[in-house]
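The values are calculated or read from the model by the stated rules, or taken from the named source; none is laboratory data. Quick caveat: nothing in here was measured; it's all calculated off a predicted structure. Neighbour counts run over all protein chains shown; Cβ positions are idealised from the backbone, glycine included. We work out accessible area using only protein heavy atoms, side chains counted, and drop any ligands, DNA or RNA first. Shrake-Rupley method; radii C 1.70, N 1.55, O 1.52, S 1.80 Å.
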Amino acid sequence: GRRGNAFVTVCVPSSRIVSIPLTLLPLKVGTVVAQRVHERLRERKALAKVAVKWPNDVLVDDKKIAGILIENQYDEATKESWYLIGIGVNVAHAPKIELMGPQRGRMSTCIANHCDSEGDGVEMAQALAFDIAKDIHDWVAASIGGGEYVDKSIVSEGIIREWSEWAEFGKEQVLRDKPGNVVVTPVGIEPDGRLRVRQRNGSETLLAADYLL
């Protein structure tokens, strides 16, 4: 990515993520990023609206400002499995996004589009990446670190509640990878992180891995 945007990967041993369904991890990371982006904008008097889009994109005024990708990696040397949480936030630059075709996405934005920024954005990007990484670290250590003494339902309910506070239910979105550009309206989030959506014919279904435009 371009200099001036934030890129960070947080590596967490999979043995530490034992007290919540794994499907809730992207939602938690999304709320961490949304909160930090919101703080940066408010510090600079920007009134743009920050929201999350299921499961882990962060939007500003309906345009994508951050994305998250979580992968699993097995370390042969230590015989341990890790979750690699990759996060990108557009600070100084908004990359061009294809709006047509199979890999189409939502239009992008960046922090600099909404407020005055100093320099090339590198200082802000570094500070933002540090804050996001520390927030994730602190959450793992405090909320789900050991697993055996944690009330799983309380942790899970907290993640769902936080994510829902940043979400915008009731707005129509398109299922990108389904034929016919099916339009659905998110109406709620399940305890395991799946999204409940309503189609235009009134029927409801649960999404687990679909991409919403």
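One line per residue, one yes/no per condition, for (1) free of Cβ contacts under 8 Å to residues at least 24 places away in the same chain; (2) among the hydrophobic types (A, V, I, L, M, F, W, C):
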| position | (1), (2) |
| --- | --- |
| N72 | no, no |
| D75 | yes, no |
| K96 | yes, no |
| L99 | yes, yes |
* Determine whether segment 114-126 contains at least one residue that is modelled with pLDDT of 90 or more and open to solvent by 80 Å² or more (accessible area, probe 1.4 Å). => yes
* **A66 crowded, with 22+ Cβ neighbours inside 10 Å and among the small types (G, A, S)** => yes
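Please verify whether A6 is modelled with pLDDT of 95 or more, assigned to a strand (DSSP E or B) and under 18 Å from L213 (Cα atoms), treating the condition exactly as stated.
Against the criterion (modelled with pLDDT of 95 or more, assigned to a strand (DSSP E or B) and under 18 Å from L213 (Cα atoms)), A6 does not qualify.
Kindly indicate which of V58, V33 is at pLDDT 90 or above and outside any strand (DSSP E or B). Before you say what the answer is, go through the steps one by one.
Working: V58 fails: outside any strand (DSSP E or B).
Exactly one residue qualifies, and that residue is V33.
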* **Where L24 falls short, out of the listed (1) under 18 Å from A209 (Cβ atoms); (2) among the hydrophobic types (A, V, I, L, M, F, W, C); (3) assigned to a strand (DSSP E or B); (4) over 9 Å from the mean Cα position of the chain (by Cα)** => (3)
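Every residue, every condition in (1) among the hydrophobic types (A, V, I, L, M, F, W, C); (2) within 25 Å of H38 (Cβ to Cβ), yes or no:
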{"position": "T78", "(1), (2)": "no, no"}
{"position": "I97", "(1), (2)": "yes, yes"}
{"position": "S108", "(1), (2)": "no, yes"}
{"position": "A112", "(1), (2)": "yes, yes"}
{"position": "F130", "(1), (2)": "yes, yes"}
* To do: Scan segment 161-169 and give yes if some residue there is open to solvent by less than 60 Å² (accessible area, probe 1.4 Å), out of contact with any Cys (no Cβ under 9 Å at 6 or more places or on another chain) and assigned to a strand (DSSP E or B), otherwise no.
  => yes
* **Residues located in segment 176-195, provided they are buried (at least 16 other Cβ atoms within 10 Å of the Cβ), within 19 Å of the chain's Cα centre (by Cα) and in a strand (DSSP E or B)** => P186, I189, L195
* Asked: For segment 36-52, which residues satisfy the criterion of being within 30 Å of S15 (Cβ to Cβ) and part of a strand (DSSP E or B)?
  -> V52
